[in-house]
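**Student:** Here's a structure for you.
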Amino acid sequence: MIDQTTPHKLLTFTCHGVSYGIDVSFIQEVIRRQPTTRVPLAPPCVAGLINLRGSIVTTVDLATRLQLTQTPKPHPETMCVILNVDDEVVSLLVDSVGDLLEVPPPAYHAQPSPLSPNLEPFVIGLCRIADQNILHLDPHALCAMTNTEASYEESARC
Amino acid sequence: MSEHDELVPGFLVECEETLDALDEELIALESTPQNHELLNSIFRRVHNIKGMCGFLDFTILETIGHAGEDLLDKLRSGSVALDGPRTDALLSLSDAMRAIVKHVREHGDEGENKYEDLVAALRAALLDSTNNAKPPSGINHTIEPPIEKENEAHALLHRNALDNYLRVDVCLLDTLMNLAGELVLARNQILQITKDTEDPTLRSITTRLSSITTDLQEGVMKTRLQPISTLWDKFPRVVRDLSHSTGKSVQLTVRGQGTELDKAILEAIKDPLVHLMRNAIDHGIETPTDRVAAGKLETGQLSLSASPEGGNVIIELTDDGQGLNTERIREKAIERGIVTREQSETLSTSQINSFIFAAGFSTASKVTNLSGRGVGMDVVKSNIESVGGQVEIESTFGAGTTIRLKIPLTLSIIPTLLVTCGRESFALPEVAITEVIRLNQTEHSAPVVCVGDASFIELRGALLPLIFIDKRLGMNDDSTNQERMIVIVSIDGRRAGLVVDRVHDIQEIVVKPLDSRLESLPCFAGATILGDGRVVLILDPSALVRELGLRRIESVESLSSEATDIDARAARDEHLIIELAPNYLGVLPLSAVHRIEKVPSDALHRIGEVPVMHYRDEILPLARVTTPKESVSGEPRELSVVVITTKDGAKGGLIVSSIIDIAQGLHSVTTITGERYHTQVGIIQNRSVVVIEPELVALTGAEDLYPETSPGGIA
């Protein structure tokens, strides 16, 4: 799945002080945070719906998705990274967007371990560049939300 | 293949259309074998396909087409007569052609099957001429040439008419439809911005833009409308095949073929309709012998009709077969635990019949075999509902069944009422809304009655169940709004009031589906973008009302109409009005009330979960209604207990706060059946009350008669 010889091209961004990256091939665009419409009963990680030039796009809050609830939120300037995964457009809410990185193969570590259980399903690699660790995220895993039913049950009980 | 490859796709489409028409004409021909015009038309169709095949080098198709043509020619000349086997042979010709066309479309060639049997059958049909049926051939031959000429002229005219039509890819229409939708949104945005403008030029331009957009949108929508006959034309064939295979005689009558529906909707209702039709013939209509025995016509009557009604189309499928066996359905429903026996007795026939729509209800049951209808009725229902339609069933045991489908004309652009609840706005489809009233919680004129977790309000002598949207959607915005609004919706004869904070104006919106990950949320039918660019969710009133588990409203008069004994009726009519908890009234039939006792609270004991008390050397199980408010205030020292005797002599006690009155004239009794509760509510002395069933008190004797959340409590 992960090609070991060619460099990874990642768009980096931060969330709760940690750097993450996603393959640029999945990135459609980066926009400022938009007015968001809440979706009641949706899974907690769904921040809501935004109007992206006439089409309705679901926004996923990265911090909630990765269950980074303990750390306080330092960034007021949130950004939306618009992903296009298998022709489905999803917006990812992050704290700030960084550079476009070309990671040379030696700096890339596939399947790093150990990872905390909340990150395990989403992280597919680790990049070490100039003392900075960048967690490589799997956009498919981020966008797959099969637990809608379960969380609906939960919120209905509240 | 030949050098004419680019002609193939067009040929295939034409073939498919020709074959559909061919089927229809063959069936028609079977009943009117003397119809020369029809026969000529059939001949021409087969001839055309054959001709094109020679050109495009489809040899198998050409061979079978040729064999069919020969037979049709003989039929035309009158040297053989059309009978059952010949019709069968011609229909299998149509099937074979269709199969080849499909193969060409999918694989690019005609496939291995040479259809030699079919050719042999067609040739055999040629030879097997019955001499006595043969009309004098001379006459026919002299008549034929002018007919042929006339038909050619007719065909020419027909072709000229066809020149006005153009084949368009549906994808293109979809794109246009979406663009028209976007244009509507952009128009709304401009209207919003220029609303207060003083500039007369701008004002006139926006007005013009607005009307053009509306016309364009309607025009594009019309391009997607197709007459329902495009779907129904296949049905005579289905009916014929089914009646042959089941050995039944069925006549299909169709009305309203010209009724138009959106192509996507037609697609969606195709399978359910075929399924319903199969059910009607397979299970509904009896065998000829049974029919004669039942005093019916030997031929079963199946009628299909479509008619527009407002923004919907009503499709009705009626058969005069054996109808649904309500008793069996009731038994099965009880067996499967859908209702208890007690509950089932309060339900009407149509309520019980509707159980056949329950998922998996009939698949493994004997109901299917014995009384018909069933396999996959839940699928039919969900398919129809997925396009915003509704299904109703009406049946009289022994006399037949009518299934009524209510289908929206189009899917994408709908007028909606905008409402707000807390900080959120929602769009509510206007079709479902009957009226909007104020919920005045401060005045005592129409208090909200709570039963378990269900709320009601009295409206013009009837009880209206309420759904608090903020609560239902789990929104915790503190709403201190006392002046809330109730939007009354009516779904399938069931009414409910949706409580919202404010209502705004009506807007035409373009329905956009929710993200696939959010589709499973039950309350929303989609989302849309408003004129100001905001995204709002569209509430799905039918899902909300369905959740209430509300059945059709039946009045108590109709339920008790069988009672012949006037005294018994009068006695039954008298009710004891009791206060179960603060602001929570209930009634008990006076005939069931044995005594009213005052007991000290320490006389109560418990046996397991059930509170009991000693009463004249008997252990009396007790029931009560607890509300959250009461549990806080603590136990009073003395309790009023209404001792109840049921018809069967069982005794029980109901703990009440106080006794209010004895009165007659309980009316507007409504049954609510839900996952969490099953009860009846009604109105007496202009007060909303819960109708308490004495049997329930005596038999269950539970701590909490109408539990807030526990599903097992009462059902």
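**Student:** For region B:170-247, what mean projected area does the convex hull of the alpha carbons give, in nm²?
**Tutor:** Orientation-averaged projected area of the Cα hull: 7.4 nm².
**Student:** Next question. Can you run phi through the Karplus equation (6.51, -1.76, 1.60; θ = phi - 60°) for region A:97-105 and list ³J(HN,Hα) in whole Hz, with x for Gly and Pro?
**Tutor:** Residue by residue, region A:97-105 yields 9, x, 8, 8, 10, 10, 8, x, x Hz.
**Student:** Which ³J(HN,Hα) values in Hz, rounded to whole numbers, follow from the phi angles of region B:198-208 under the Karplus curve 6.51 cos²θ - 1.76 cosθ + 1.60, where θ = phi - 60° and Gly and Pro get x?
**Tutor:** Going residue by residue, I get 9, 5, x, 4, 4, 4, 5, 5, 5, 4, 5 Hz, with x marking Gly and Pro.
**Student:** Order of B:Arg687, B:Arg438, B:Arg187 from fewest to most other C-beta atoms within 10 Å?
**Tutor:** Arranged by neighbour count, lowest to highest, B:Arg687, B:Arg438, B:Arg187 become B:Arg438, B:Arg687, B:Arg187.
**Student:** Once phi is turned into θ = phi - 60°, what whole-Hz ³J(HN,Hα) does the Karplus curve with 6.51, -1.76 and 1.60 give for every residue of region B:319-330, x standing for Gly and Pro?
**Tutor:** 10, 9, x, 7, x, 8, 8, 4, 4, 5, 5, 4
**Student:** Taking a ≥ b ≥ c as the square roots of the eigenvalues of the Cα gyration tensor of region A:18-69, is the shape rounded (a/c under 1.5), prolate (a/b larger than b/c) or oblate?
**Tutor:** Here region A:18-69 falls in the oblate category.
**Student:** Please give the FRET efficiency for B:Asp83 paired with B:Ala399, using the beta carbon to beta carbon distance and R0 = 41 Å, rounded to the nearest 0.05.
**Tutor:** That pair, B:Asp83 with B:Ala399, gives E of 0.75.
**Student:** Further question: What's the exposure ranking of B:Val436, B:Val500, B:Val101, going from fewest to most Cβ atoms within 10 Å?
**Tutor:** B:Val436, B:Val101, B:Val500
**Student:** Let me ask something additional. What does the charge count around B:Asn383 come to, taking other residues whose C-beta lies under 10 Å from its C-beta (Lys +1, Arg +1, Asp -1, Glu -1)?
**Tutor:** Taking every other residue near B:Asn383 into account, the sum is -1.
**Student:** Taking a threshold of 25 Å on the Cα-Cα distance, which of the pairs B:Lys598/B:Lys651; B:Lys270/B:Lys332; B:Lys381/B:Lys512; B:Lys50/B:Lys102; B:Lys248/B:Lys270; B:Lys296/B:Lys406 fall above it?
**Tutor:** B:Lys270/B:Lys332; B:Lys296/B:Lys406
**Student:** Would you mind putting B:587-595, A:103-111 in packing order, based on average other-beta-carbon counts within 10 Å, highest first?
**Tutor:** Ranking, from highest mean packing down: B:587-595, A:103-111.
**Student:** Hey, another quick one. Run the numbers on region B:283-348 and let me know its relative contact order in percent, using alpha-carbon pairs under 8 Å that are six or more apart. Walk me through the numbers on the way to the answer.
**Tutor:** On the way: 56 pairs, mean separation 16.7, N = 66.
About 25 percent, as a whole number.
Every read-out reported here was derived from the displayed coordinates using simple, explicitly stated rules and does not represent laboratory data. Predicted, not measured: the structure shown is a model, and the values here were computed from it. Backbone-built Cβ (ideal geometry, glycine too); neighbour counts: all protein chains shown.
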